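Visitor: Please find one structure pasted underneath; my questions will follow.
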Amino acid sequence: MSKQIAAIPLADIARAGMVEAKGRSIAQVQADEGCDYILNSYFYNMATGRPVGHLKINGGVLAWASWSCWGLTWDVGNDLRMVVIPASGGRNWVSGVELLTPGKGPGAKLAYDGAYGGKRGRSAVLLAGDKLVLYCSGDGSGDAKTPEGLRDELAEIGRQYAASKDLRALGLDSGGSSQCRFPGGSISSARRVAGYFCVWMRSDKYKVTPLQGLNIRSGPGVHFRKVGGYTCGTLVTVFETKSGWGRTAKGWVSMAYLANA
């Protein structure tokens, strides 16, 4: 697939963090850090690898600009928000391209550097009600978008969860840099970027109770195809829940057939 979209309940996030790549691929960073979601993030100087704009990781400022802007900020992870940084920022923040804010809705003129323009693969974050939406599309694919097209698509996605006036979206490093690894799929790029936005989910242990075992499905519902099964007594970790279904490392299972371990 040339596009990946993940809608994550904020309440289910254990931790979020910006991670410097330090020469590692996205797969290596995910393996090293153990995060559930990973997306290329901040803008950087391609000659030096140093971040540009505003970037703060765990209280340490890695990049500082003379201007203020809308940016993504948080202390732990389930408190993610978009505010004007650096003035209102928390322990972590990152700047990007302002796509949806109180002063910019669908149809508003966007402000961005010419290098960000054109029809390209895109990486972005959207805050919509109680959801964090991570977005990634492949460069040179049918899902490549202009910044305005990305903004409009994010607004459409966000309206599933919140009113238009409450949507906040930030464009991240894009084009040939766009890459992600989500539980539902990934977007690949040969480019080694400077850093990634990572999300770790809360996880709870359960035991499979039916004697005949439990079907694993590709999505949260009986209409999704079967992709495997767990035998009775198997201990499984549930990373998130949705409409009575839980996502495990192998797929989705009905929570009705799980007991707290």
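Visitor: Across the range 151-176, which residue is most open to solvent (accessible area, probe 1.4 Å) among those that are at pLDDT 95 or above and within 15 Å of the chain's Cα centre (by Cα)?
Guide: Checked the range 151-176; the qualifying residue most open to solvent (accessible area, probe 1.4 Å) is Arg168.
Visitor: Look through Arg81, Arg15 and report the one residue that is basic (Lys, Arg) and within 18 Å of Gly129 (Cα to Cα). Talk me through it step by step, then tell me what you get.
Guide: Working: Arg15 fails: within 18 Å of Gly129 (Cα to Cα).
Every option except Arg81 fails the conditions.
Visitor: Turning to a different aspect of this structure: Looking at the range 177-242, what strands (runs of 3 or more DSSP E) fall wholly within it and have at least 1 residues that are within 30 Å of Val94 (Cβ to Cβ) and open to solvent by less than 30 Å² (accessible area, probe 1.4 Å)? Let's see the steps before the verdict.
Guide: On the way: elements: 180-182, 185-187, 195-201, 204-208, 214-217, 226-230, 235-238, 240-242.
By residue number, 180-182, 185-187, 195-201, 235-238, 240-242.
Visitor: Gly244: among the small types (Gly, Ala, Ser) and within 27 Å of Ala144 (Cα to Cα), yes or no?
Guide: Details: among the small types (Gly, Ala, Ser): yes; within 27 Å of Ala144 (Cα to Cα): no.
Taking the combined requirement at face value, the residue does not satisfy it.
Visitor: Cys35 fails exactly one of the following numbered conditions: (1) crowded, with 17+ Cβ neighbours inside 10 Å; (2) of a type outside the set (Ser, Thr, Tyr); (3) in contact with a Ser or Thr (Cβ under 9 Å, 6 or more places away or on another chain); (4) within 30 Å of Pro220 (Cα to Cα). What is the number of that condition?
Guide: (3)
Visitor: Next question. Being open to solvent by 60 Å² or more (accessible area, probe 1.4 Å), without any contact (Cβ under 8 Å) to a residue 40 or more places away in the chain and touching a strand residue (DSSP E or B) at 6+ places or on another chain (Cβ under 8 Å) is the filter here; which residues of the range 243-261 pass it? Break it down into steps so the answer makes sense when it comes.
Guide: First pass over the range 243-261, keeping only residues open to solvent by 60 Å² or more (accessible area, probe 1.4 Å): 243, 249-250, 256-257, 260-261.
Then keep just the ones that are without any contact (Cβ under 8 Å) to a residue 40 or more places away in the chain; that gives 243, 249-250, 256.
Hits for the range 243-261 are Ala249, Lys250.
Visitor: How many of the residues in the range 125-137 are open to solvent by 10 Å² or more (accessible area, probe 1.4 Å) and either at negative phi or among the aromatic types (Phe, Trp, Tyr) (or both)?
Guide: We begin by selecting, within the range 125-137, every residue open to solvent by 10 Å² or more (accessible area, probe 1.4 Å); these are 127, 129-131.
Right, trim to either at negative phi or among the aromatic types (Phe, Trp, Tyr) (or both) and you get 127, 130-131.
Residues in the range 125-137 being open to solvent by 10 Å² or more (accessible area, probe 1.4 Å) and either at negative phi or among the aromatic types (Phe, Trp, Tyr) (or both): 3 in total.
Visitor: Being of a type outside the set (A, V, I, L, M), farther than 30 Å from Ala115 by Cβ and assigned to a strand (DSSP E or B), is that true of even one residue in the range 159-171?
Guide: No: the range 159-171 contains no residue that is of a type outside the set (A, V, I, L, M), farther than 30 Å from Ala115 by Cβ and assigned to a strand (DSSP E or B).
Visitor: Somewhere in the range 96-114, is a residue surrounded by 14 or more Cβ atoms within 10 Å (Cβ to Cβ) and assigned to a helix (DSSP H, G or I)?
Guide: no
Table: residues versus (1) surrounded by 14 or more Cβ atoms within 10 Å (Cβ to Cβ); (2) part of a loop (DSSP other than H, G, I, E, B); (3) of a type in the set (Asp, Glu); (4) in contact with a helix residue (DSSP H, G or I) (Cβ under 8 Å, 6 or more places away or on another chain).
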| residue | (1), (2), (3), (4) |
| --- | --- |
| Gln4 | yes, no, no, no |
| Arg15 | yes, no, no, no |
| Gln28 | no, no, no, no |
| Ala31 | no, no, no, no |
| Met46 | no, yes, no, no |
| Val61 | no, no, no, no |
| Thr73 | yes, no, no, no |
| Val94 | yes, no, no, no |
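Visitor: Check Asn45, Asn40 and return the single one that is touching a residue at least 40 places away in the same chain (Cβ under 8 Å) and polar (S, T, N, Q). Break it down into steps so the answer makes sense when it comes.
Guide: Numbers: Asn45 fails: touching a residue at least 40 places away in the same chain (Cβ under 8 Å).
Exactly one of Asn45, Asn40 is touching a residue at least 40 places away in the same chain (Cβ under 8 Å) and polar (S, T, N, Q), namely Asn40.
The values are calculated or read from the model by the stated rules, or taken from the named source; none is laboratory data. Because the structure is predicted, anything quoted here is derived from the model rather than measured. Every residue, glycine among them, receives a Cβ derived from its backbone with ideal geometry; neighbour counts consider all protein chains shown. In case anyone asks, the SASA skips ligands and DNA or RNA and just uses the protein heavy atoms, side chains included. Shrake-Rupley method; radii C 1.70, N 1.55, O 1.52, S 1.80 Å.
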